[in-house]
1. May I ask you to verify whether residue 127 is touching a residue at least 24 places away in the same chain (Cβ under 8 Å), under 26 Å from residue 14 (Cα atoms) and within 15 Å of the chain's Cα centre (by Cα)?
2. Return the residues of region 3-26 that are surrounded by fewer than 20 Cβ atoms within 10 Å (Cβ to Cβ), more than 16 Å from the ligand (Cβ to nearest atom) and under 19 Å from residue 168 (Cβ atoms); say none if nothing qualifies.
3. Give region 105-150 a look and list any residue that's in a loop (DSSP other than H, G, I, E, B) and buried (at least 20 other Cβ atoms within 10 Å of the Cβ), or say none.
4. Against the condition more than 10 Å from the ligand (Cβ to nearest atom), out of contact with any strand residue (DSSP E or B) (no Cβ under 8 Å at 6 or more places or on another chain), touching a residue at least 60 places away in the same chain (Cβ under 8 Å) and within 19 Å of residue 37 (Cα to Cα), how does residue 71 come out, does it pass?
5. Using beta carbons and a limit of 7 Å, which pairs, at least six apart or on different chains, have the first residue in region 170-183 and touching a residue at least 40 places away in the same chain (Cβ under 8 Å) and the second one crowded, with 17+ Cβ neighbours inside 10 Å and in a helix (DSSP H, G or I)?
6. When you scan region 75-89, do you find a residue that is in contact (Cβ under 8 Å) with a residue 24 or more places away in the chain and more than 16 Å from the ligand (Cβ to nearest atom), even just one?
7. Among the residues that make up region 32-49, is at least one of them in contact (Cβ under 8 Å) with a residue 60 or more places away in the chain and away from the ligand (no atom under 16 Å from the Cβ)?
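The values are calculated or read from the model by the stated rules, or taken from the named source; none is laboratory data. Source: prediction; values computed, not measured. Here the Cβ positions follow ideal geometry from the backbone for every residue, glycine too, while neighbour counts run over all protein chains shown.
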Ligand code: FNR
């Protein structure tokens, strides 16, 4: 069976990002017919519609990786109660030129980690709004609003004991969602 190749988009460029740690750890809970690759978004230029006809190499790479994937996994930080600009920039790039969006139809999961108790809930709601417009079917439940606390990850960088049950359930639902909606 052809594996389910998933593009992982992390909404933080920070070296020690909790969200990148989560992206690295949570994919280990997926079955073996799923493979995950984090797409690079930190080297994309600021989106400028004037460049649609002549995109940068980094933009072509991003669009190619999204197009080649069968599903999406967004793991994002929350900045000022919304999604970080670097994530919106990447989404805008791969949505254009008009009519040539790479996102359409790719089933997605959304999760995020923040230091605040609301666990990126506002950012995720904003992201869901954007993804709905882009025709991305997005897993509704369970929601994953995660607070960065001692023990979230173990020393090896895996999900800690207190969160493993919930995140395994999340992954099981995500896997079923992708299988249901993937082309
Ligand atoms: C934040 N942070 C934050 N946290 C939160 O829960 N809600 C918020 O609205 C914000 N806003 C915000 C804005 C900006 C500009 C920064 C730099 C930070 C804190 C944020 O949760 C924390 O920095 C996380 O560590 C970011 O995720 P990464 O980079 O660790 O993945």
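1. Yes, satisfied.
2. Within region 3-26, just 4 meets the criteria.
3. Of region 105-150, the ones in a loop (DSSP other than H, G, I, E, B) are 105-107, 115-120, 134-137, 139-144, 148-150.
Those that are in a loop (DSSP other than H, G, I, E, B) and buried (at least 20 other Cβ atoms within 10 Å of the Cβ): 106, 107, 119, 120, 136, 139, 144.
4. When the stated conditions are applied, residue 71 does not pass them.
5. That search, which allows pairs on different chains as well, returns 171/26; 171/29.
6. No, there is no match, as no residue in region 75-89 is in contact (Cβ under 8 Å) with a residue 24 or more places away in the chain and more than 16 Å from the ligand (Cβ to nearest atom).
7. Step one: of region 32-49, the residues in contact (Cβ under 8 Å) with a residue 60 or more places away in the chain are 34.
Now narrow it down to the ones that are away from the ligand (no atom under 16 Å from the Cβ): 34.
There is at least one residue in region 32-49 that is in contact (Cβ under 8 Å) with a residue 60 or more places away in the chain and away from the ligand (no atom under 16 Å from the Cβ).
Yes/no matrix, rows are residues, columns are (1) farther than 15 Å from residue 156 by Cα; (2) at pLDDT 95 or above:
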{"site": "2", "(1), (2)": "yes, no"}
{"site": "5", "(1), (2)": "yes, yes"}
{"site": "8", "(1), (2)": "yes, yes"}
{"site": "19", "(1), (2)": "yes, yes"}
{"site": "22", "(1), (2)": "no, yes"}
{"site": "29", "(1), (2)": "no, yes"}
{"site": "35", "(1), (2)": "yes, yes"}
